[in-house]
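Heads up, the thing below is written out as structure tokens.
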Amino acid sequence: MRRPAASLRRPLALAVLLIAGLLGTPTAAGSTSHVTPTAAGAPPAAEYTPRVALIGTASTDGHFRPVGVTPAAGSTSRVSPTAAGAPPTAAFAPRVTPIGAASAGGRPGGAPGAVGHFVPIGSASAEAGYVARTGAPAAPAASGRLSPDGRRRGLCVDTPLRLTADRPLQTGASGRIEVHRADGTVADAIDLADPRSYHRTIGDAVSDTGVLHSFAYHPVLVDGNTATIRLHHRLDYGRTYYVTVDPEVFPGFPGIQDPATWRFRTRAAPPRTGSRRLTVAANGRGDFCTVQGAIDFVPEGNTRPVLIDVRPGTYQEIDYVRADRPHLTVRGAGRDRTVIEYDNNNRLNGDTALAGSTDPADVCPRQVLPGHDTFNCWRSLFGVEADDFRLRDITLRNTTPYGGSQAEAFRGNADRITLRRVTLESFQDTLRLQGRGFVTDSLIAGDVDFVWGTGSVFVRRTELRSLHGGYVTQARNDAAHPGYVFVDDRLTRGPEAPDASVYLGRVDPTVYPASQVVFVRTAMDAHVRPDGWQLNNAGCDKAPDVRFWEYGSTDLAGRPLDTGARLPCSRRLTDAEAAWWSDPANVLGGWRPR
């Protein structure tokens, strides 16, 4: 039989290798196949001798149907392999119709063991090739779409890897994902059976003794048909890599072992040293693919403002800014367009997870409350230890489920932090600020102590949404500093927060005797309790210096609220006092955020 032209042998051989790798169906010499479409849109009847491959790669001399030709029903094809390992040749009547899959019953009257099955290779388009398989009818073998792939070059060094299959995926308990350099050496590996694979460093975070801290994380996240793979570290610039996946990683997916299947090349060089503006894009068309990748590029000891522009997309990552990277602004493309999300929490990276640890790498740096803050600095979605940090036009969503423990969306353990037009979502402990902070024109959602910390914080024109019964605030400031001051805000609720189920704030005055929370001209829904405030482990006689204050509280329609039933040791401000506390500079020690 005629062999394909020499210029076509390489793509044909690659097609055969791809089919063998993904579908596990070798071609036996001397086998034949006859396929007859029955009618337009109907599956074909098929009879064959064992193990025949019908390849959809095309030549122009008639041996293979050219890609791009739209066939019609009623045509026939015959395929015969030539010799072991050689691509088959094919004679076609004009306009052959490939059908996506044979029916499970095969041709009428056919014995189950002789019925063939057709599976699309690659995309499920009408022009794709097909493989004929013999034996008892079965579900199609898995095929996948891989990202990044070899068609794109110049990829981010922090790119996540994504595999999208033709069916829902689930992770197994064993198996390895390996990223190899072009010479075959392993650049990174995830072993699902090795607990060490579930930890990585983030943001060069170090403990109070300067030891590099390792965060627990999810190396593989599955959402329906798509698995996202996060490596332990960024790759090198200007290198070619290929990825292998053991079959055990995704049960039912045959794995990837051929170095030619999942291959890509990173961009040649990083952004210019000293760049004042960096871009992040989930689609790989920015300087980096992750927010953390851009943060890490900022040099230690930075002294100049650096803007990190985060383009529209959803970024699944934990982010951390070390103390030696001040003057950063992270700006999204709008709260409804740029989202960072992850389920970091106390059980993954906090007191519960690290209880009993004696590892010096686990102890929090810069502890404001020594003893209490031993491990809780690692559990936030976005953690900042650097001064003069700004976050704007973005949503941070800690996806820890309800009842899943403390889980900050944002934690700022630094001075002069500004949050502008942001949405912060979690349940318990959504926002924690430990120094001077300014929040404006934003939305903060949670249920228990969802605005808290030791900082002096001014919150303006912001919605505080209670998702369940609980507490809006827990201020732990000392007597030398103001606490949390809210001006012209709105306290709203979700459907699971009933009337009279939420306190404005709570504190244990025997531990934090100078706690201060002030609400000025705040509109409140009926979920706020008539008594308003709670003291833990003490009464008002033990709380002479606690400052729970209000002025001009209204309902959501603007009608004045009756606050006569409030906690006896809380009080209403005078007009002059309310005016003084309404100035951010008075709360923030002279700092006027811009």
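The values are calculated or read from the model by the stated rules, or taken from the named source; none is laboratory data. Everything numeric here is computed off the predicted structure, so don't read it as measured data. Using ideal geometry, Cβ is built from the backbone for each residue, glycine included, and neighbour counts are taken over all protein chains shown. Note: accessible area is taken over every heavy atom of the protein model, side chains too, but ligands, DNA and RNA are not part of it. Shrake-Rupley method; radii C 1.70, N 1.55, O 1.52, S 1.80 Å.
Key figures for this structure:
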| read-out | value |
| --- | --- |
| From the options R379, R335, residue that is charged (D, E, K, R), surrounded by fewer than 24 Cβ atoms within 10 Å (Cβ to Cβ) and either within 26 Å of G313 (Cβ to Cβ) or modelled with pLDDT of 95 or more (or both) | R335 |
| Leading residue by the ranking (surrounded by the fewest Cβ atoms within 10 Å (Cβ to Cβ)) among those in the range 191-214 that are touching a residue at least 40 places away in the same chain (Cβ under 8 Å) and in contact with a Ser or Thr (Cβ under 8 Å, 6 or more places away or on another chain) | L212 |
| Selection from the range 264-278 of residues that are within 22 Å of D149 (Cα to Cα) and either in a loop (DSSP other than H, G, I, E, B) or of a type outside the set (F, W, Y) (or both) | R265, T266, R267, A268, A269, P270 |
| Residue match in the range 415-435 (condition: open to solvent by 10 Å² or more (accessible area, probe 1.4 Å), small (G, A, S) and without any contact (Cβ under 8 Å) to a residue 60 or more places away in the chain) | yes |
| Whichever residue in the range 315-332 is under 22 Å from H232 (Cβ atoms) and not basic (K, R) and, among such residues, is surrounded by the fewest Cβ atoms within 10 Å (Cβ to Cβ) | Q316 |
| Unmet requirement for V321, which otherwise passes all of (1) touching a residue at least 24 places away in the same chain (Cβ under 8 Å); (2) over 26 Å from Q367 (Cα atoms) | (2) |
| Tally, over the range 264-276, of residues that are among the hydroxyl-bearing types (S, T, Y) and surrounded by fewer than 16 Cβ atoms within 10 Å (Cβ to Cβ) | 2 |
| Inter-residue pairs, beta-carbon under 8 Å, first assigned to a loop (DSSP other than H, G, I, E, B) and in the range 534-556, second acidic (D, E), 6+ apart | N536/D508; N537/D508; A538/D508; D555/D525; L556/D525 |
| Hey, T473 among the β-branched types (V, I, T) and over 18 Å from N376 (Cβ atoms) or not | no |
| Test: residue in the range 354-365 that is open to solvent by 20 Å² or more (accessible area, probe 1.4 Å) and in contact with a Lys or Arg (Cβ under 8 Å, 6 or more places away or on another chain) | no |
| Qualifying positions in the range 503-529 - of a type in the set (S, T, Y) and either open to solvent by 10 Å² or more (accessible area, probe 1.4 Å) or farther than 19 Å from R460 by Cα (or both) | Y503, T510, Y512, S515 |
| Output for the range 569-593, where each listed residue is open to solvent by 70 Å² or more (accessible area, probe 1.4 Å) and outside any loop (DSSP other than H, G, I, E, B) | R571, R572, D575, A576, W580 |
| Which listed residue, of G286, G293, is buried (at least 17 other Cβ atoms within 10 Å of the Cβ), assigned to a helix (DSSP H, G or I) and not polar (S, T, N, Q) | G293 |
| Among residues of the range 215-263, those that are farther than 23 Å from R379 by Cα, open to solvent by less than 20 Å² (accessible area, probe 1.4 Å), of a type in the set (F, W, Y) and not in a strand (DSSP E or B), counted | 3 |
| Matching residues in the range 544-566 - criterion: being among the hydrophobic types (A, V, I, L, M, F, W, C) and open to solvent by 30 Å² or more (accessible area, probe 1.4 Å) | W549, L556, A557, L561, A565 |
| Pairs, first over 20 Å from H218 (Cβ atoms) and small (G, A, S) in the range 154-182, second in a loop (DSSP other than H, G, I, E, B) and modelled with pLDDT of 95 or more, C-beta under 9 Å, six or more apart | G154/R267; G154/A268; A182/R239; A182/P259 |
| In the range 443-484, residue surrounded by the most Cβ atoms within 10 Å (Cβ to Cβ) [restricted to those that are β-branched (V, I, T) and under 23 Å from D415 (Cα atoms)] | V457 |
| Test: residue in the range 530-537 that is within 22 Å of D508 (Cα to Cα) and either aromatic (F, W, Y) or surrounded by fewer than 12 Cβ atoms within 10 Å (Cβ to Cβ) (or both) | yes |
